[in-house]
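The values are calculated or read from the model by the stated rules, or taken from the named source; none is laboratory data. From a predicted model like this one, the values you see are computed outputs, not experimental measurements. As a convention, Cβ positions derive from the backbone with ideal geometry for all residues, glycine included, and neighbour counts pool all protein chains shown. Only protein heavy atoms, including side chains, enter the accessible area calculation; ligands, DNA and RNA are left aside. Shrake-Rupley method; radii C 1.70, N 1.55, O 1.52, S 1.80 Å.
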Amino acid sequence: MPVLRWLCLCLLLVASPLLAAAPARPGPAYVVAVVPVHPPTEIRRRWQPVLDHLVRETGLNLQFRYFDSNEAFEASIAREEPEFAMIGPWQLWLARDHYRPLLRGRTPLTGLVVVPASSPLRTLADLHGRWLGMPDGSDLAANVLLRQLLAEQKIAPRFQTTRTHANALRNVVLGRLDAAAVNNYSLRLLPAEMQPRLRVLHESPSLPGPAFAAARRVPAAVAERITAAFLYLRQHHQDVLQAALMSDIEEADLERDYGMLIRFPAEVGNARR
């Protein structure tokens, strides 16, 4: 019996460090996606601190998924893959049967056409025959509505598809494009030293700001924890939200904040080049 007790004790001592080192089983993983106005490395730099705070505040298992183009992001949203997404207003409206906004930026979103500060281009008409970078996907402000306006005015730029707004802006600065279609949020994400090298040629009418949205299949209690954590960050960690351009967020309502988008037919936003 003493030998048997000794063997059991040895086995317990050997096993106990392994048991202690084993992590607790995580809860269900929730995927978080961000509309790719910047490459994945830049999105990670700006958003990982936000995600880390949300994990600490909520105890949820949140994991990023990155996309390198608007089209890939929109396809994933159409398949209802991410549980949470930072999403443009038109993307949200098209997906409203499957996603609901939790929070939104108070700053309206406007489409911009940007040129080098020293460019001779002064009006939209000057874009005729020039290289204009434009994001892929169904970007209402920086793609669809601008294309319609150019067509109405019989202005025919030479379009160059750009995967991200950041890529388009960089190519304008480097002289590879004559102009780029972006929005005011992406322009604010530029390094401060680059902004004086650009000039806004055209600004579209404003749309509601982007939203942080939850898939409707996400339990209400989980969505409420995320919302509360964001509002806590707004109050106590403005610097973290500022890097992601979310320092002015407030709780969102689909009809109140985005209902005006109903005036744009879905086929307009889904139009392809």
Exercise for review: Would you be able to tell me the number of residues in region 112-126 that are within 17 Å of residue 160 (Cα to Cα) and touching a strand residue (DSSP E or B) at 6+ places or on another chain (Cβ under 6 Å)?
Suggested key: 5
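Might you let me know whether region 66-75 holds any residue that is in contact with a Lys or Arg (Cβ under 8 Å, 6 or more places away or on another chain), outside any helix (DSSP H, G or I) and open to solvent by less than 50 Å² (accessible area, probe 1.4 Å)?
Of all residues in region 66-75, those in contact with a Lys or Arg (Cβ under 8 Å, 6 or more places away or on another chain) come to 66, 68-70.
Now drop any that are not outside any helix (DSSP H, G or I), which leaves 66, 68-69.
Those left that are additionally open to solvent by less than 50 Å² (accessible area, probe 1.4 Å): 69.
Scanning region 66-75, I find at least one residue that is in contact with a Lys or Arg (Cβ under 8 Å, 6 or more places away or on another chain), outside any helix (DSSP H, G or I) and open to solvent by less than 50 Å² (accessible area, probe 1.4 Å), so the answer is yes.
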**Study point:** Restricting region 1-57 to residues that are among the basic types (Lys, Arg) and at pLDDT 50 or above, the residue that is least open to solvent (accessible area, probe 1.4 Å)
**Key:** 46
Exercise for review: Select from region 164-193 the residues that are of a type in the set (A, V, I, L, M, F, W, C), at pLDDT 95 or above and part of a loop (DSSP other than H, G, I, E, B) and list them in ascending order.
Suggested key: 177
Review point. Can we say residue 212 is closer than 21 Å to residue 41 by Cα and in contact with a strand residue (DSSP E or B) (Cβ under 8 Å, 6 or more places away or on another chain)?
Key: yes
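Being among the β-branched types (Val, Ile, Thr), over 26 Å from residue 81 (Cα atoms) and modelled with pLDDT under 95: is that true of residue 200 here? Talk me through it step by step, then tell me what you get.
On the way: among the β-branched types (Val, Ile, Thr): yes; over 26 Å from residue 81 (Cα atoms): yes; modelled with pLDDT under 95: no.
Judged against the criteria, residue 200 is not a match.
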Review point. Which of (1) under 24 Å from residue 258 (Cα atoms); (2) assigned to a helix (DSSP H, G or I); (3) touching a residue at least 24 places away in the same chain (Cβ under 8 Å) does residue 221 not meet, given it meets every other one?
Key: (3)
Practice item. Return the pairs, sorted by first residue and then second, in which the second residue is among the aliphatic types (A, V, I, L, M) and open to solvent by less than 40 Å² (accessible area, probe 1.4 Å), the first residue lies in region 68-96 and is on the phi > 0 side of the Ramachandran plot, the beta carbons are less than 6 Å apart, and the residues are 6+ apart or on different chains. Key: 80/215
Check your understanding: Name the residues in region 80-133 that are assigned to a loop (DSSP other than H, G, I, E, B), open to solvent by less than 30 Å² (accessible area, probe 1.4 Å) and among the small types (Gly, Ala, Ser), would you?
Key -> 88, 95, 119
Revision key, fill the gap. Considering region 222-273, residues that are at pLDDT below 95 and among the β-branched types (Val, Ile, Thr), and then whichever is surrounded by the most Cβ atoms within 10 Å (Cβ to Cβ), we arrive at 249
Practice item. Could you please find all residues in region 137-163 being open to solvent by less than 10 Å² (accessible area, probe 1.4 Å) and not in a helix (DSSP H, G or I)? Key: 137, 138, 162
Practice item. Being out of contact with any Leu (no Cβ under 9 Å at 6 or more places or on another chain), open to solvent by 40 Å² or more (accessible area, probe 1.4 Å) and within 22 Å of residue 163 (Cβ to Cβ) narrows it down to one of 219, 191, so name that one. Key: 191
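Which of the residues that make up region 194-216 are open to solvent by less than 80 Å² (accessible area, probe 1.4 Å) and in a strand (DSSP E or B)?
Initially, region 194-216 is screened for residues open to solvent by less than 80 Å² (accessible area, probe 1.4 Å), giving 194-195, 198-202, 204, 206-215.
If the condition is that a residue be open to solvent by less than 80 Å² (accessible area, probe 1.4 Å) and in a strand (DSSP E or B), then 198, 199, 200, 201, 202, 207, 211, 212, 213, 214, 215 are the ones that fit.
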